[in-house]
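Structure record follows, encoded as structure tokens.
The values are calculated or read from the model by the stated rules, or taken from the named source; none is laboratory data. Keep in mind it's a predicted model, so treat the numbers as computed, not measured. Cβ placement follows ideal geometry from the backbone for every residue including glycine, while neighbour counts extend to all protein chains displayed.
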Amino acid sequence: MSTIIDVSHVSKTFGGVVANKNISLTVEKGAITGLIGPNGSGKTTLFNSIVGYHPIDAGSIKYEGREISAMLVPEIARLGLLRTFQQTRIYGAMNCVENMLISMPHRKMRFLDAFRRNSRQDRERAEHLLEFVGLYEKRLLRSGSLSFGQQKLLEFAMALMNEPTVLLLDEPTAGINPTLINGLIDRLIKANTEFGITLLIIEHNMRVIMNMAETIYCLAHGELLAAGTAEEIQNNQSVIDAYLGAH
Ligand code: ADP
Ligand code: MG
């Protein structure tokens, strides 16, 4: 495997708050990598820095060997690096297919793509992906009428519409009922194994992340506390003290 994301000595402060301090970690191409840590430990901030939502104060972020820390969201998204949100961002008044079709603002606009925009192929792909996440029957329903868990599945399908190389998922199972969680995990694993999408996942559900991720990083107070396999992380005393013990 080769490194696809290389975060090196990244720091980010908001006013006086040190959200990320000297964080270094790598994501291997094709892998599922976990990011855990208590609330406020800086996980979402790191995601935002990686995908270009805000500039970093220090350090470097490389994607496929290329420095991206000064790039903006659309540029980074066009390289194939996308994130989803802790709170879903869908248009409740639109149906699922419509949400899928407007979810591609960052697609690589090649000459022919300009003519294919919202073409029949796009519609078919939208329907295919809705089927993939188990929402085909609901494709013409207002997305606002879906359950929260179904909305998260829709958001996942919307991210897939952009054909990401790497997808950063911020607490994908939060607020989802246990029945849907298993379905979502299956789809995430399939996106990784069948579509080859590299996944970096922030997750509080330890059962989920320990089963999925080959490598797990743990943040605490904005700093990297530990890195290792699920087993190593579960047995790491500083991780237990800072996070797992209270979990
Ligand atoms: P996590 O995702 O691990 O819960 P966050 O990255 O959201 O943690 O937050 C880390 C710290 O940075 C928190 O203290 C939070 O209040 C602060 N923070 C995050 N985003 C902002 C922001 N836009 N403005 C000010 N403070 C922020
Ligand atoms: Mg967060």
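The figures follow:
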{"item": "Any hit, region 60-68, residues being under 28 Å from residue 238 (Cβ atoms), within 9 Å of ligand 1 (Cβ to nearest atom), not in a helix (DSSP H, G or I) and not hydrophobic (A, V, I, L, M, F, W, C)", "result": "no"}
{"item": "Residue ID - farthest from residue 5 (Cα to Cα), chosen from residues in region 53-63 that are more than 16 Å from ligand 2 (Cβ to nearest atom) and without any contact (Cβ under 8 Å) to a residue 60 or more places away in the chain", "result": "57"}
{"item": "Some residue of region 174-183 being in contact (Cβ under 8 Å) with a residue 60 or more places away in the chain and not assigned by TED's automatic domain parsing to the domain that holds residue 102", "result": "yes"}
{"item": "Candidates 12, 29, 43 - the one that is closer than 17 Å to residue 216 by Cα, within 14 Å of ligand 2 (Cβ to nearest atom) and at pLDDT 95 or above", "result": "43"}
{"item": "Restricting region 130-176 to residues that are within 16 Å of ligand 2 (Cβ to nearest atom) and part of a helix (DSSP H, G or I), the residue that is surrounded by the most Cβ atoms within 10 Å (Cβ to Cβ)", "result": "152"}
{"item": "Hits in region 15-26 - residues which are more than 22 Å from residue 228 (Cβ to Cβ) and either in contact with a Gly (Cβ under 6 Å, 6 or more places away or on another chain) or within 13 Å of ligand 2 (Cβ to nearest atom) (or both)", "result": "18, 19"}
{"item": "Whichever residue in region 13-30 is more than 8 Å from ligand 1 (Cβ to nearest atom) and in contact with a helix residue (DSSP H, G or I) (Cβ under 8 Å, 6 or more places away or on another chain) and, among such residues, is nearest to residue 164 (Cα to Cα)", "result": "30"}
{"item": "Members of region 212-247 that are surrounded by 13 or more Cβ atoms within 10 Å (Cβ to Cβ), free of Cβ contacts under 8 Å to residues at least 60 places away in the same chain and not aliphatic (A, V, I, L, M)", "result": "228, 229, 232, 234, 236"}
{"item": "Condition check for residue 56: assigned by TED's automatic domain parsing to the domain that holds residue 218 and within 14 Å of the chain's Cα centre (by Cα)", "result": "no"}
{"item": "Boolean, residue 92 is more than 16 Å from ligand 2 (Cβ to nearest atom) and assigned to a loop (DSSP other than H, G, I, E, B)", "result": "yes"}
{"item": "Cβ pairs under 9 Å, 6+ apart, first in region 27-52 and over 20 Å from residue 65 (Cβ atoms), second more than 10 Å from ligand 2 (Cβ to nearest atom) and of a type in the set (S, T, N, Q)", "result": "32/192; 32/198; 32/215; 34/215; 42/20; 45/20"}
